[in-house]
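Below is one structure, written out as C-alpha cells; the observations come after it.
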Amino acid sequence: MMNDSTINNGLRFFFLAVLQIFLLKQISWGFGGKEYLFIFLYPLFIMMLPIQMIRHLVVLAGFAIGFTVDLFYETLGINAAAATLSAFLRPLALRASSPREGYNIKHHPTVNDLGWSWYFRYAAWFLGIHLLLFFSIQAFTFYFWTDILLKTFFSFVASYALMALLVLIFNPKN
C-alpha cells in the first residue's frame with residue numbers, strides 16, 4: 001500500500017528529473033573556452049528521502065535518478081555513479097549536520113521537521129559531496145584538479161541558490 005511519503009517521493013522524482021533533463025541541461029556557463037557552471041537539482045531527490053529509509057533503498061533510488069538523467073544527458077553513467085555514491089555517503093552529510101538532540105525516527109529531511117538552519121547546512125554538505133564526486137568521475141583523473149574544484153565551486157553556488165529557492169517556494173512537508 002502506498003503512503004503519502006511514497007507518492008510525494010515519486011512525484012519529486014518525476015518533477016526533478018523533468019526539470020533537470022528539459023530545462024537545466026540547457027544551462028551552462030564558462031570562460032576561456034571551458035564550461036564551469038552547471039546546475040544540478042536532481043540530488044534534491046536523494047536529499048529529501050526519509051531519514052529512516054533503509055540505506056540500500058536510498059542507494060537504489062540514487063542510482064535510479066542518476067540513470068534517468070544519464071539517459072537524456074548521454075553521459076554514460078556519470079550521473080548514475082555520482083548519484084549512487086552520493087546516496088551511499090548521505091549518512092555522512094546527515095551526521096555532519098545532525099541536530100544536538102539527534103534525529104527523531106519520524107523526521108523527514110525537511111525545513112518543517114528540522115528547521116532552516118539545519119536544512120541549509122545539510123543541503124550544503126550533500127550537494128558539495130555530490131558535485132565533487134560528479135566532476136571527479138567526469139574528469140576520471142585528479143590531474144585536472146583545478147578544473148574539478150572550479151566546476152564544483154561555480155556549480156555549487158548556482159545549484160545551491162536554485163535549490164534554496166525551490167525549497168522556499170514549495171516548502172515540502174515530507
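Among the numbered conditions (1) among the β-branched types (V, I, T); (2) out of contact with any Phe, Trp or Tyr (no Cβ under 6 Å at 6 or more places or on another chain); (3) farther than 21 Å from K151 by Cα; (4) crowded, with 19+ Cβ neighbours inside 10 Å, the only one that V59 does not meet is (2). Take A81 and decide whether it is in contact (Cβ under 8 Å) with a residue 24 or more places away in the chain, out of contact with any Asp or Glu (no Cβ under 8 Å at 6 or more places or on another chain) and of a type in the set (G, A, S). Yes, satisfied.
Sub-6 Å Cβ pairs linking a first residue in the stretch 50-78 that is of a type in the set (S, T, N, Q) to a second residue that is buried (at least 18 other Cβ atoms within 10 Å of the Cβ), at least 6 apart or interchain, are T68/A17, ordered by first then second residue. Within the option set A161, A87, A82, being closer than 15 Å to Y42 by Cα, surrounded by fewer than 19 Cβ atoms within 10 Å (Cβ to Cβ) and at pLDDT 95 or above holds for one residue only, A161. Of all residues in the stretch 26-43, none satisfies the criterion of being within 15 Å of F67 (Cα to Cα) and among the charged types (D, E, K, R). Closer than 18 Å to F154 by Cβ and not basic (K, R): is that true of F120 in this structure? In short, no. Note on the stretch 2-35: among residues that are outside any helix (DSSP H, G or I) and polar (S, T, N, Q), the one that is modelled with the lowest pLDDT is N3.
The values are calculated or read from the model by the stated rules, or taken from the named source; none is laboratory data. Nothing here was measured: the structure is a model prediction, and the numbers come from that model. When we count neighbours, we look across all protein chains shown, and the Cβ atoms used for this are built from the backbone with ideal geometry, even at glycine.
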